[in-house]
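**Q** One structure is given below, represented as structure tokens, and several questions about it will come after.
The values are calculated or read from the model by the stated rules, or taken from the named source; none is laboratory data. All of these numbers come straight from a predicted model, not from anything done at the bench. Backbone-built Cβ (ideal geometry, glycine too); neighbour counts: all protein chains shown.
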2 protein chains.
Amino acid sequence: MALRAVGTTYPNPPVGAIIVKNDKILSRGWTQPNGVPHAEIHAISQIKNKRDIEGAHLYCTLEPCSHEGKTSPCVNKIIDLKFSKVIISQVDKNPLVNSTSVNKLRSAGINVVIKNFGDQVRNLNNIFFKSLNNNKPFITLKIASTADGKIATKLNESKWITNSISRMIGHKLRSLNECMIVGTGTITKDNPVMDCRLDGLSNRSPDIFILDRKLILKRNLKIFNNKNRKIYIFHSDKFKKKIYKLKNINYIKIKEVNNVLDIKTIIRKISNLGYTRILVEGGAKLSASLLIKNQIDEIAWFRASKIMGNNGINAISELNIENIDHLKKFKLINTKTIDNDQLSIYRKK
Amino acid sequence: MALRAVGTTYPNPPVGAIIVKNDKILSRGWTQPNGVPHAEIHAISQIKNKRDIEGAHLYCTLEPCSHEGKTSPCVNKIIDLKFSKVIISQVDKNPLVNSTSVNKLRSAGINVVIKNFGDQVRNLNNIFFKSLNNNKPFITLKIASTADGKIATKLNESKWITNSISRMIGHKLRSLNECMIVGTGTITKDNPVMDCRLDGLSNRSPDIFILDRKLILKRNLKIFNNKNRKIYIFHSDKFKKKIYKLKNINYIKIKEVNNVLDIKTIIRKISNLGYTRILVEGGAKLSASLLIKNQIDEIAWFRASKIMGNNGINAISELNIENIDHLKKFKLINTKTIDNDQLSIYRKK
């Protein structure tokens, strides 16, 4: 249930909830877009006669909330409806919760069990905790390259290196992320839309953060056409914001150092806006700057079985690594064959 | 049985033979080093009392020979020993055989069945046929790179990008090939031994072909130390052969064109010496020149889960491909996870 919500819930975590009575599932819920309502309330809302809930068990992938936010505290509702038992996978490390709900439920005479539902659930929660407590959203780098790691010809042709199924999985990846960061180079070269073009998931296009230090991008670019998502432009404090009428564009001024916008400052600002999952699809320089600062948590590397040779454009720009012990190390956690392409998933070590 | 012989049999193909009587295996044989003796004779040699063979069935992965070579024709021995049936996977496309043995056996009253033993056997035979009839040995390119396709730092450090198990599999690959080609650049930079250092397989080190156009290599290099294999040096006709006392070095003069030794001429000369399987382990320029001429039949690509960035040395040098449709296309036929490395096997499309 929690997985259904991934990519849509920010600034809330994706949570799943199941209500069980007499060994029968009464309803299922998951965090709704932007966290309204929470998973528990979503599950409760599907039960017509609320009296049926009395004595039921509630399974939650995360401790229910106890604080007033955009919604009223779930914990009160759970007590009011007389659940007899609540089974949660993890205590919420959000300092606003952090076991207060567990204690409140127990004080109300409800049996609370904390039981690890497994790695998949823990990973979801940990991404949220890290994002909230360390100002560090989970960053996925997507690369689509030849077998020798080239993402385009030297004339910048990249359509298409990987096959159509790989590209669909790429769109799915967009739907699982709340926002994307993209550099000016990629936008001017490719004029991309960067939306999710899968049937039924077109409303899942991530919000966009553009690094446009000098504010040079023209407003007739395709990326500005999609009105259903937020667009943010990071620019240097040395360059003046132009006035455009597109109301979905937000400007964020950053102090530049040596003609560069500091990438860690940018990530922190994105985190402060509540985003917990960021997708980066290149270009090579942006990927390199994130790798240098150890900001990449996961790499989804699609490799076609084709070779371009060294006059193509490399997936990753210079990292200035001279010593072989200083290579950026990842852990290979999964690999899939996609027809004649290969997808390798790496996680930060 | 045939697979046991791969890499050791040149100029003969690796063949397997099994002798069966009353549904019981009497003996197994495979082509012995450099083809002496052939698989059938090797299997026969293991049966003490030759009279036991009368009425037995002989399974062969390839049609037995009918011509006098380093050994006398196997087909005569099969007739003499009164096998009742011979089951072969494929007729030998060597023009010296090409069904003559099948006919001779049938004339002698032996039941001959031609039955495909499967792709693995056909692949072995086809490599031999192609090498013999088209002067085109099977060329495997081995690459050990980072996830982003780099084989060394810009200071040429490459020890070690891949893990120790990957490197052992790399040594196994050497044992399966009859010879290797290597460029002067790799030898001067790395001073490699290029032998097979697996326990029990040290006698399986491939012969070495060095491309030393100007004859600049010093004789104190490690590669010249192993006396148990043949070493050939291809050099330009413009540069004079120096006289060295190492007796295992053979010189082959090639006409150079635009300061380059033509790679297809080199492959043909290696084929003329009887070699059917060549391993290339780089460097980047040699790999590129073979790819440009479509000479690579298989790539064994070991990828570590590390990233070096674009100041490392690329696995493949310039191929001068400007159009994305002209990328060198391969078929992904196998992929293995080796701890935190990944091995992908590509075949020519």
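**Q** Suppose we filter A:L211, A:L217, A:L155, A:L221 for residues that are more than 30 Å from B:N334 (Cα to Cα), aliphatic (A, V, I, L, M) and free of Cβ contacts under 8 Å to residues at least 12 places away in the same chain; which single one remains? Spell out how you get there, then give the answer.
**A** Details: A:L211 fails: free of Cβ contacts under 8 Å to residues at least 12 places away in the same chain; A:L217 fails: free of Cβ contacts under 8 Å to residues at least 12 places away in the same chain; A:L221 fails: free of Cβ contacts under 8 Å to residues at least 12 places away in the same chain.
A:L155 is the lone residue from the list that is more than 30 Å from B:N334 (Cα to Cα), aliphatic (A, V, I, L, M) and free of Cβ contacts under 8 Å to residues at least 12 places away in the same chain.
**Q** Taking the conditions exactly as written (assigned by TED's automatic domain parsing to the domain that holds A:N259 and assigned to a strand (DSSP E or B)), does A:F239 satisfy them or not?
**A** Numbers: assigned by TED's automatic domain parsing to the domain that holds A:N259: yes; assigned to a strand (DSSP E or B): no.
Taking the combined requirement at face value, the residue does not satisfy it.
**Q** Looking at segment B:19-40 only, could you name the residues that are surrounded by fewer than 21 Cβ atoms within 10 Å (Cβ to Cβ) and farther than 20 Å from B:G109 by Cα?
**A** Going residue by residue through segment B:19-40, those that are surrounded by fewer than 21 Cβ atoms within 10 Å (Cβ to Cβ) are B:20-28, B:32-34, B:36-37.
Within segment B:19-40, B:D23, B:K24, B:I25, B:L26, B:S27, B:R28, B:Q32, B:P33, B:N34, B:V36, B:P37 meet the criteria.
**Q** Among residues belonging to segment A:203-229 that are charged (D, E, K, R) and not in a helix (DSSP H, G or I), point out the one that is modelled with the lowest pLDDT. Show your work before the answer.
**A** Taking segment A:203-229 and keeping what is charged (D, E, K, R), we get A:204, A:207, A:212-214, A:218-219, A:222, A:227, A:229.
Filter once more, so that each one left must be not in a helix (DSSP H, G or I): A:207, A:212-214, A:218-219, A:227, A:229.
Working: A:D207: 95, A:D212: 93, A:R213: 92, A:K214: 91, A:K218: 87, A:R219: 84, A:K227: 79, A:R229: 89.
Checked segment A:203-229; the qualifying residue modelled with the lowest pLDDT is A:K227.
**Q** I would also like to ask the following. Quick one: in segment A:133-157, which of the residues that are facing chain B (nearest Cβ under 10 Å) and among the hydroxyl-bearing types (S, T, Y) is farthest from the chain's Cα centre (by Cα)?
**A** A:T153
**Q** Another question about this same structure. Tally up the residues in segment B:301-336 that are surrounded by fewer than 22 Cβ atoms within 10 Å (Cβ to Cβ) and within 12 Å of A:A147 (Cβ to Cβ), please.
**A** 4
**Q** Next up: I need the full set of residues from segment B:269-297 which are touching a residue at least 40 places away in the same chain (Cβ under 8 Å), of a type outside the set (A, V, I, L, M) and surrounded by 19 or more Cβ atoms within 10 Å (Cβ to Cβ), in order please.
**A** B:S271, B:Y275, B:T276, B:R277, B:E281, B:G282, B:G283, B:S287, B:Q295, B:D297
**Q** Do you know which of the residues in segment B:268-291 that are more than 12 Å from B:P137 (Cα to Cα) and among the hydroxyl-bearing types (S, T, Y) is farthest from the other protein chains (Cβ to nearest Cβ)?
**A** B:S289
**Q** I would also like to ask the following. Restricting to segment B:1-10, count the residues that are surrounded by fewer than 18 Cβ atoms within 10 Å (Cβ to Cβ) and either closer than 17 Å to B:S131 by Cβ or among the polar types (S, T, N, Q) (or both).
**A** If we filter segment B:1-10 for residues that are surrounded by fewer than 18 Cβ atoms within 10 Å (Cβ to Cβ), which is where we start, we get B:3-4.
Those still in the list that are either closer than 17 Å to B:S131 by Cβ or among the polar types (S, T, N, Q) (or both) too: none.
Count: 0.
**Q** Provide a single number: the residues in segment B:313-349 that are more than 8 Å from chain A (Cβ to nearest Cβ), touching a residue at least 60 places away in the same chain (Cβ under 8 Å) and either under 25 Å from the mean Cα position of the chain (by Cα) or over 17 Å from B:K172 (Cβ atoms) (or both). Write out each step before concluding.
**A** Kept after step one, since they are more than 8 Å from chain A (Cβ to nearest Cβ), are these residues of segment B:313-349: B:313, B:325-326, B:333-334, B:336, B:338-339, B:343, B:345, B:347-349.
With touching a residue at least 60 places away in the same chain (Cβ under 8 Å) added as a condition, the list becomes B:313, B:338-339, B:343.
Now drop any that are not either under 25 Å from the mean Cα position of the chain (by Cα) or over 17 Å from B:K172 (Cβ atoms) (or both), which leaves B:313, B:338, B:343.
Total satisfying the criteria: 3.
**Q** Somewhere in segment B:242-258, is a residue outside any strand (DSSP E or B) and touching a residue at least 60 places away in the same chain (Cβ under 8 Å)?
**A** Step one: of segment B:242-258, the residues outside any strand (DSSP E or B) are B:242-248, B:255, B:258.
When the remaining residues are screened for being touching a residue at least 60 places away in the same chain (Cβ under 8 Å), the result is none.
No, segment B:242-258 contains no residue that is outside any strand (DSSP E or B) and touching a residue at least 60 places away in the same chain (Cβ under 8 Å).
**Q** I need the full set of residues from segment B:110-121 which are surrounded by 16 or more Cβ atoms within 10 Å (Cβ to Cβ) and either assigned to a helix (DSSP H, G or I) or of a type in the set (G, A, S) (or both), in order please.
**A** In the first step, residues of segment B:110-121 are kept if they are surrounded by 16 or more Cβ atoms within 10 Å (Cβ to Cβ); the result is B:110, B:112, B:117, B:121.
Hit for segment B:110-121 is B:V121, nothing else.
**Q** Now for a different question. Only one residue in A:K306, A:K331 is among the charged types (D, E, K, R) and within 23 Å of A:Q120 (Cα to Cα), so which one is that?
**A** On the way: A:K306 fails: within 23 Å of A:Q120 (Cα to Cα).
Sole residue among the options that is among the charged types (D, E, K, R) and within 23 Å of A:Q120 (Cα to Cα): A:K331.
**Q** On to the next question. Restricting attention to segment A:57-73, and to residues there that are under 27 Å from A:D119 (Cβ atoms) and out of contact with any helix residue (DSSP H, G or I) (no Cβ under 7 Å at 6 or more places or on another chain), which single residue is surrounded by the fewest Cβ atoms within 10 Å (Cβ to Cβ)? If you could, list the steps in order and put the result at the bottom.
**A** From segment A:57-73, those under 27 Å from A:D119 (Cβ atoms) are A:57-66; that's our starting set.
Right, trim to out of contact with any helix residue (DSSP H, G or I) (no Cβ under 7 Å at 6 or more places or on another chain) and you get A:57, A:59.
On the way: A:H57: 19, A:Y59: 22.
If we take residues in segment A:57-73 being under 27 Å from A:D119 (Cβ atoms) and out of contact with any helix residue (DSSP H, G or I) (no Cβ under 7 Å at 6 or more places or on another chain), then A:H57 is surrounded by the fewest Cβ atoms within 10 Å (Cβ to Cβ).
**Q** Working carefully through the options B:S101, B:S107, B:S89, find the one that is more than 29 Å from A:L332 (Cβ to Cβ) and exposed (fewer than 15 other Cβ atoms within 10 Å of the Cβ). Spell out how you get there, then give the answer.
**A** Numbers: B:S101 fails: exposed (fewer than 15 other Cβ atoms within 10 Å of the Cβ); B:S89 fails: exposed (fewer than 15 other Cβ atoms within 10 Å of the Cβ).
After ruling out the rest, the residue left standing is B:S107.
**Q** Within segment B:292-312, which residues are more than 23 Å from A:D339 (Cα to Cα) and within 9 Å of another protein chain (Cβ to nearest Cβ)?
**A** B:I292, B:K306, B:I307, B:M308, B:G309, B:N310, B:N311, B:G312
**Q** Hey, does segment B:167-179 have a residue that's surrounded by fewer than 21 Cβ atoms within 10 Å (Cβ to Cβ) and either at positive phi or within 14 Å of chain A (Cβ to nearest Cβ) (or both)?
**A** Checked against the condition, which is being surrounded by fewer than 21 Cβ atoms within 10 Å (Cβ to Cβ) and either at positive phi or within 14 Å of chain A (Cβ to nearest Cβ) (or both), segment B:167-179 yields no hits at all.
**Q** Tell me, which residue of segment A:159-191 that is without any contact (Cβ under 8 Å) to a residue 40 or more places away in the chain and touching a helix residue (DSSP H, G or I) at 6+ places or on another chain (Cβ under 8 Å) is nearest to A:N225 (Cα to Cα)?
**A** Per the stated criteria, the residue is A:N191.
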